[in-house]
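What follows is a set of notes on a single structure, which appears directly below.
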Amino acid sequence: MLAASLTAAFLTLCYAAACAAHPFKRCRACGGRGRTRSRHGRTSRPCRRCRGTGRQLRAGRRLHIWWTRTHAAGTRPDPKHPSTR
């Protein structure tokens with residue numbers, strides 16, 4: 001049981017480090033090219049998912065951004081309260 005918990009914690013820390021070092025992944029829809037073909041295959045246009053960049057944020061990085069914004073919104077000092085001035 002302890003080994004499984006340590007393994008899960010280790011893998012989580014490794015994924016967090018990977019998300020910090022490389023926050024973007026290749027877009028699955030266009031394969032990182034930034035362009036997709038039309039249904040008939042004649043013309044290409046910018047990819048809808050990645051908006052033509054060919055990259056998307058990783059799920060772990062998206063979670064980190066959400067957490068930091070939530071934390072920042074919840075810990076702002078109240079300007080009306082006298083002890084926070």
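Can you compute the FRET efficiency between residue 65 and residue 8 using 1/(1 + (r/R0)^6), with r the Cβ-Cβ distance and R0 = 22 Å? Round to the nearest 0.05.
0.45
Amide H neighbours of residue 55 under 5 Å, at least 5 residues apart or on other chains, H built in the peptide plane: list them.
Long-range HN contacts for residue 55: 27.
What is the calculated FRET efficiency for residue 43 to residue 21, with r their C-beta to C-beta distance and R₀ = 30 Å, to the nearest 0.05?
0.25
Using +1 at the C-beta of Lys and Arg and -1 at the C-beta of Asp and Glu, which of 34, 6, 60 has the Cα lying farthest in the positive direction of the dipole of the chain?
Checking the options against the dipole of the chain, the answer is 34.
Is there a quick way to get the dipole size of the chain? I mean about its Cα centre, with the Cβ of Lys and Arg at +1 and of Asp and Glu at -1; what is the value in debye to the nearest 20?
For this selection, approximately 900 debye.
Using helices alone, what [θ] at 222 nm do you get for the chain, with -39,500 (n - 2.57) per DSSP H run of 4 or more residues, divided over all residues and rounded to the nearest 500?
-14500 deg cm²/dmol
How many percent of Cα pairs in segment 1-45 exceed 17 Å?
59
Plugging the Kirkwood radius over Cα pairs into Stokes-Einstein for the chain, at a temperature of 20 °C and a viscosity of 1.002 mPa s, what D comes out in µm²/s?
130
Could you work out the percent of alpha carbon pairs in segment 24-72 separated by over 14 Å, rounded to a whole number?
56
Each value in this text was obtained by applying a stated rule to the coordinates, not by laboratory testing. Bear in mind that the values here come from a model prediction, so they are computed numbers and not experimental data. A quick note on method: Cβ atoms are made from the backbone with ideal geometry, for glycine too, and the neighbour counts reach across all protein chains shown.
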